[in-house]
Amino acid sequence: MAPNPELVAEQHYLDRVYQRLEQQRERATAQLSDVLMQGGVTPQSVVEREMMAEQAQMRMGQLDVGHLPICFGRIDRDQSPSEQGLPGETFYIGRMGVWDEEQDPLVVDWRAPVAEPFYRATGRHPMGLARRRHFACTGSHIDAMEDEVFRSDALPASSDVEMVGAGALLAALERDRTGRMHDIVATVQREQDEIIRGSMHGVLVVQGGPGTGKTAVALHRAAYLLYTHRFPLDRQGVLVVGPNPLFLRYIDQVLPSLGETGVGLFTVDGLVRTLPHSHVSNRGSEPSAVARIKGDERMIKVMRQAVKDRERSLARDARIPFGAFNLTLHVDESAEIVNQVKRRPGTHNARRRQVEQLVYKRLLGAHDRALEQLRPAHDDQDPLARLAGLGDTEEDRDHAESVREAAVAEEKERRARLSRVPELAAALDRMWPLISPEELLHDLLGAKALVRLAARGVLSDDEADLLVRARSETFEEVPWTSADLGLIDELRIFLGKAVPRGTHADDEIRTYGHVIVDEAQDLSPMQLRVLARRSLGSMTIVGDIAQASGHWTPSSWDQVLAHLPSVGHEARLVELTVNYRTPGAIMDVAAAVLAVAAPDLRMPRSARPGGQPPRVVVTGDITASVVEAVQVEQARGGTLAIVCSPAEEPALAAALANAGIEVGRDEEGLEQPVALVPVVLAKGLEFDSVIVVEPTEIVTDEKFGLRALFVALTRATKRVTIVHSKDLPPSLIAGLRGSAEQGSEALGADALVRR
């Protein structure tokens, strides 16, 4: 069959692009070599060399696209009436810009304004395009191409889902998953692109059901903002926050594939654990009721009061030995000092210095009076008192200055000696201790009396008592929970730094120019405050209210926005309405579950109607049936996840190991094709096939079980198998029956397997 001449021409063009890209790589390598050969004579020249080397290495990283296609399409602009008969403008669109020797663009970066129609033009809104061409590439080779020719009457107004590059998109959706998220830069759809290129100002909330690509959209938005606002964001930084470490590993290759390697990926807990001087490495768990109270915004008042409770007067007079005297700091004096400092601004630890100065002033004044009583009436030993009798000659002024300097030095020496008295240190620690957030929370939660004192007027006694836990020997040994970390971060604001005086400590909380938060609907108010204090005011919040399954379940995004910054701009809410991941036959079953779990919420439309309905396995031996189902799916190929309740995980892991089925990661850290995922970690992930184990256990084990079951059902891109021994939840049965009534075989002989 003769080759398509247009495809051959496009391949020649692409070969030229790769040749030019290789030349740019060679130039960057040579520049790096030249920089490294330079000798640094002065400290400034060494710093300059290191900066130049860093820039050259960054450029080399940007030019290294690996096996990823550099170009994935082109756009041909329509001619104006006066230009009829002339060739229209053509732009090739790719993951990075490439220029020829004359600095004319061979490939335009997908983030450039001129590339916008590649993603947004439709039959009804062609945006000045005559044609759009999509390439299907393997590395540098074009395997196929798809053309879209635009006319204003190309599509009827009643069209439901109008997809950009439908052939390329569906081909990408049908490909097997690899265990890692890949970029969607070649197949971004119009509604996704509008979010990606949206204004950076203020808070943007992206509501998206399962499979709508909300996570990928958020990551591409990060890459777009770094391209468009490079100057401020290179300095201020971009932060991406995910729900758990498994999710972060799943997405960690997306931004590097788009040429952006400087974005921070963290969980909320990770932001707190990695702070300087943090002592919260241990991890613990606690009942949902306890976590819910700790996540309540009322805990702000409890934490503030807990700090104030450590600012107190002495219980009894303190006797301070100093030289030949015993000085006394009286209870009423300590109360006066504490109340005075309480009225001053600043963090608790920063004001400790003010308490010390006031105490030193009182005690040294008492010491002066004691010395005065021992001094004979006719003996004037005070050198400062004798200054009044000196004349105004230069010699007298020099003498007066030396006397003053000696008096100041003596006063500093006395204060230094006083500060080393153990009895005084104990009194100061009683009045105003220098304390870390971890130490304060450890002391607080280890004593019922302290918790009730801090929670008075805020929590009920029953709520306060739930917070009490067994006390560890030291706060370094505490098994800190996720909810604890939100309280520790809040305490850091009230307490300030607790590092030894005279040492340098970096700012403990870094702020970012833009913060992206995925699965934000599962965060408590206290966790949202952790993120808000790290933001300069520009945020993208991504999630799905329907999939809320944390200790807190907001009914609307307003409840989330109440805890986020609002700096001169109102928050904007946008919605992704098309599911690209899950076939319609599976979505129909999941919709019946959602209708009961969250009846007010709307399901996204499926871009892929039909597909295989769920296969149901009824069994008396769950582990054996899961092993058999895994073997069936392995024969079909692609990635596979077994989604279960946390209680089922140990038995399933043992059964799979006994059957020789590896799950998770191998010794080299590479993804295995089979994953065993508790439903609490499944959100945001996707697999070719999913085995949902014992849906009733998922519903009863999780506080928001039906929502968790909805999450489990919508992880698949191709097939779902349901393995159960207990009766299925009624909503799931209704969904399966509805699927059968619509002509599928969800409950037919080929789908229902009894064991």
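The values are calculated or read from the model by the stated rules, or taken from the named source; none is laboratory data. Please read these numbers as outputs of a predicted model, since none were measured by experiment. Just the protein is used for accessible areas: all its heavy atoms, side chains included, with ligands, DNA and RNA removed. Shrake-Rupley method; radii C 1.70, N 1.55, O 1.52, S 1.80 Å.
Based on the alpha-carbon gyration tensor of segment 213-284 and its eigenvalue square roots a ≥ b ≥ c, which shape applies: rounded if a/c is under 1.5, prolate if not and a/b is larger than b/c, or oblate?
Details: a/c = 2.83, a/b = 1.53, b/c = 1.85.
Because a/c hits 1.5 or more and a/b fails to exceed b/c, segment 213-284 counts as oblate.
Write down the Kirkwood hydrodynamic radius of segment 454-596, to one decimal in angstroms, obtained as one divided by the mean of 1/r over all alpha carbon pairs.
Working: mean 1/r = 0.0531 Å⁻¹.
Result for segment 454-596, one decimal place: 18.8 Å.
Jot down the radius of gyration and Dmax of segment 258-303, Cα atoms only, both in angstrom.
Final numbers for Rg and Dmax: 15.1, 45 Å.
For Cα pairs less than 8 Å apart in space and 6+ apart in sequence, what is the mean separation divided by the residue count of segment 516-649, i.e. the relative contact order in percent? Walk me through the intermediate numbers first.
On the way: 115 pairs, mean separation 25.8, N = 134.
Computed over segment 516-649, the figure is 19 percent.
If DNA, RNA and ligands are ignored and the probe is 1.4 Å, what is the ranking of 462, 522 by accessible area, most exposed first? Don't skip to the answer; put the middle values down first.
Values: 462 120, 522 35 Å².
Largest accessible area first, the list is 462, 522.
Please compute the contact order of segment 560-717 in relative form: average sequence separation of alpha-carbon pairs under 8 Å and at least six residues apart, divided by the residue count, as a percent. Don't skip to the answer; put the middle values down first.
On the way: 216 pairs, mean separation 40.6, N = 158.
That works out to 26 percent.
Suppose we look only past 23 Å in the calculated P(r) of segment 407-509. What percent of the Cα-Cα pairs does that tail hold? Mind showing how you got there, number by number?
Working: 2280 of 5253 pairs.
Considering segment 407-509, 43 percent of its Cα-Cα pairs are separated by more than 23 Å.
On the full set of protein chains, 1.4 Å probe, figure out the accessible area of residue 248 and give it in Å² to the nearest 10.
Rounded to the nearest 10, the figure is 20 Å².
If you rank 552, 432 by how much accessible surface each has, with a 1.4 Å probe, what is the order from largest down?
Values: 552 50, 432 0 Å².
The residues order as 552, 432, largest area first.
Can you pull the percent of Cα pairs in segment 579-646 with separation above 14 Å?
Numbers: 1606 of 2278 pairs.
The answer is 71 percent, as a whole percent.
Quick one: Cα centre-to-centre distance for segment 563-614 and segment 281-351, in angstrom?
One Cα centre to the other: 48 Å.
Can you send over the solvent-accessible area of residue 261, 1.4 Å probe, protein chains only, in Å² to the nearest 10?
120
On the full set of protein chains, 1.4 Å probe, figure out the accessible area of residue 266 and give it in Å² to the nearest 10.
The accessible area comes out at roughly 60 Å².
With a ≥ b ≥ c the root eigenvalues of the C-alpha gyration tensor of segment 204-336, is it rounded (a/c under 1.5), prolate (a/b larger than b/c) or oblate?
Working: a/c = 3.37, a/b = 2.36, b/c = 1.43.
In terms of gyration-tensor shape, prolate.
Where a Cα-Cα gap under 29 Å defines reach, which lysines qualify for residue 726, not counting those fewer than 8 residues away within the same chain?
Within reach: 683, 703, 718.
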